[in-house]
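Enquirer: Handing you a structure now.
The values are calculated or read from the model by the stated rules, or taken from the named source; none is laboratory data. All figures in this text were calculated on a predicted structure; none of them were measured in a lab. In this analysis, Cβ positions are derived from the backbone assuming ideal geometry, glycine residues included, and neighbour counts consider all displayed protein chains. SASA here: full protein model, heavy atoms, side chains in, ligands and nucleic acids out. Shrake-Rupley method; radii C 1.70, N 1.55, O 1.52, S 1.80 Å.
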Amino acid sequence: MACSSDPKETTTSHAQAEKFSPEVAAMQANLLKYPDSVGLRLKLAILLDSMGQSRTALLQVDTLIQKDSLNYGLWFTHGQIAEDIPDTATAIRSYQKAIAIYNSPDALLALANLYAEQRNEESLLICARLQDMSLGREYDAHCHFISGVYYARTGNREKALAAFDACIADNYTYMEAYIEKGLLYFDSKQYPQALQVFNFASGINRLDPDPYYWMGRCYEMQHINDSALIRFQQSYNLDKTDPHTIAAIKRLGGKIE
């Protein structure tokens, strides 16, 4: 549910993976000895996914599913890795398969989140079903957030704001809700209001780069470039890989160190 960073996907080959990760090479060697080891192949898939080799990781899970197509965990992992590619259609099908096997709240949330981004009203129905289960405030927060995303994507600003506020009421550290709420004001060119939300969020988690980036964007849109550059630099100091932050610093004449 990230807000400000583009997905990153690498196409590193097996040979490159072995070069850069002895752990991957060791797992692949062990798989040659024990090709039927489900645990080992699943660990390899998760490791490859964490290295940005999501397509290769998905092939590993495909191999396991061919042997055990009624395993909820495999389909759920398949969906998570497909999201990282990103391949939303495959992720949705995988979560649907997982839910057909076991009606897990986590799989339902994952599916609802993807539906919300697609402006599919089914996301609201899933969230309502989850809230009827009385699973606690953590799940309620997730449901409110997903509902807020759906309303934001479909242009219902007031309901989106109410949903994000409800999410924060259930979990005041829910950073994604602050960012999405701030973006509603930002997209409406209400930059002082957006700045207030992002500034508050930065106080909740001072190690998250996103609030500083969006504070910088608010200042930039108001042509207060000195303050904008300071915020972009704060964001960069916390995450030196985000291309948006790097571009913003260069745009305002700052230096990347």
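Enquirer: Of 43/97; 159/189; 159/240; 97/159; 43/240; 189/240, which ones are farther than 25 Å apart at the Cα?
Expert: Pairs exceeding 25 Å: 159/240; 97/159; 43/240; 189/240.
Enquirer: Hey, another quick one. Would you please classify the overall shape of segment 85-178 from the alpha carbon gyration tensor, given that a ≥ b ≥ c denote the square roots of the eigenvalues, rounded means a/c under 1.5, and beyond that prolate means a/b larger than b/c while oblate covers the rest?
Expert: Working: a/c = 1.91, a/b = 1.32, b/c = 1.44.
Cα axes put segment 85-178 in the oblate bin.
Enquirer: Okay, next question. Ranked highest first by average number of other Cβ atoms within 10 Å, how do 214-223, 247-256 line up?
Expert: Details: 214-223: 20.6, 247-256: 13.6.
Result, highest mean Cβ count within 10 Å first: 214-223, 247-256.
Enquirer: Using a 1.4 Å probe on the protein chains only, how many percent of the accessible area of the chain belongs to carbon and sulfur? Display every interim value, and only then the final one.
Expert: Values: 6850 of 13350 Å².
Accessible surface attributable to carbon and sulfur in the chain totals 51 percent.
Enquirer: Using the reciprocal of the averaged 1/r over all distinct C-alpha pairs, how large is the Kirkwood radius of segment 115-257 in Å? Before the final figure, lay out each step's value.
Expert: Details: mean 1/r = 0.0631 Å⁻¹.
15.9 Å is the Kirkwood radius here.
Enquirer: Oh, and also: Relative to the longest principal Cα axis of the chain, at what angle does helix 122-132 sit, 0 to 90 degrees, rounded to 10?
Expert: The helix 122-132 is inclined about 90 degrees to the chain.
Enquirer: Here's a follow-up. Over what distance in Å are the Cα centres of segment 105-143 and segment 31-57 separated?
Expert: When both Cα centres are located, 29 Å separates them.
Enquirer: Loop-only check: which trypsin sites (Lys or Arg not before Pro) in segment 116-161 are DSSP coil with at most 15 other Cβ within 10 angstrom? Present the calculation step by step, with values, prior to reporting the outcome.
Expert: Numbers: sites: 119, 129, 137, 153, 157, 159; in loops: 119.
Loop-located and lightly packed - 119.
Enquirer: Now for a separate question. Note the angle between two axes, namely the Cα long axis of helix 22-33 and the longest principal axis of the Cα atoms of the chain, as a number of degrees from 0 to 90, rounded to the nearest 10.
Expert: The angle comes out at about 30 degrees.
Enquirer: What share of Cα pairs, in percent, lie more than 20 angstrom apart in segment 194-257? Could you put the intermediate results ahead of the total?
Expert: Values: 331 of 2016 pairs.
So the portion of pairs separated by more than 20 Å is 16 percent.
Enquirer: How are the C-alpha pair distances of segment 123-200 spread across 5 Å bins, as whole percents from the shortest bin up?
Expert: Percent of Cα pairs in each bin: 3, 19, 27, 24, 15, 7, 4, 1.
Enquirer: Would you mind calculating the gained length between residue 135 and residue 96 on full extension (0.36 nm times residue separation, minus the Cα-Cα distance), in nm to one decimal?
Expert: Numbers: separation 39, 0.36 × 39 = 14.04 nm, distance 2.07 nm.
Length gained, residue 135 through residue 96: 12.0 nm.
Enquirer: What whole-number value in Å² describes the accessible area per residue of segment 52-170 for a 1.4 Å probe? If you can, show how the numbers build up before the last one.
Expert: Numbers: 5430 Å² over 119 residues.
Value returned for segment 52-170: 46 Å² of accessible area per residue.
Enquirer: Give me the dipole magnitude in Debye, nearest 20, for segment 80-199 about the Cα centre, with unit charges on the beta carbon: positive for Lys and Arg, negative for Asp and Glu. Intermediate values should be presented prior to the final figure.
Expert: Working: 10 positive and 16 negative charges, 51 e Å.
I would put it at about 240 debye.
Enquirer: Something else about it: Checking the a/c ratio against 1.5 first, then a/b against b/c, what shape does the Cα gyration tensor give for the chain?
Expert: Numbers: a/c = 2.70, a/b = 1.34, b/c = 2.02.
Note, shape of the chain comes out oblate.
Enquirer: Then there's this: Highest GNM mean-square fluctuation, the chain, Cα pairs closer than 10 Å: which of 149, 197, 24?
Expert: 24
Enquirer: What size of dipole, in debye to the nearest 20, comes out for the chain about its Cα centre when the only charges are +1 on Lys and Arg C-beta atoms and -1 on Asp and Glu C-beta atoms? List each step's numbers first, then the result.
Expert: Values: 24 positive and 31 negative charges, 81 e Å.
In debye, rounded to 20, the chain gives about 380.
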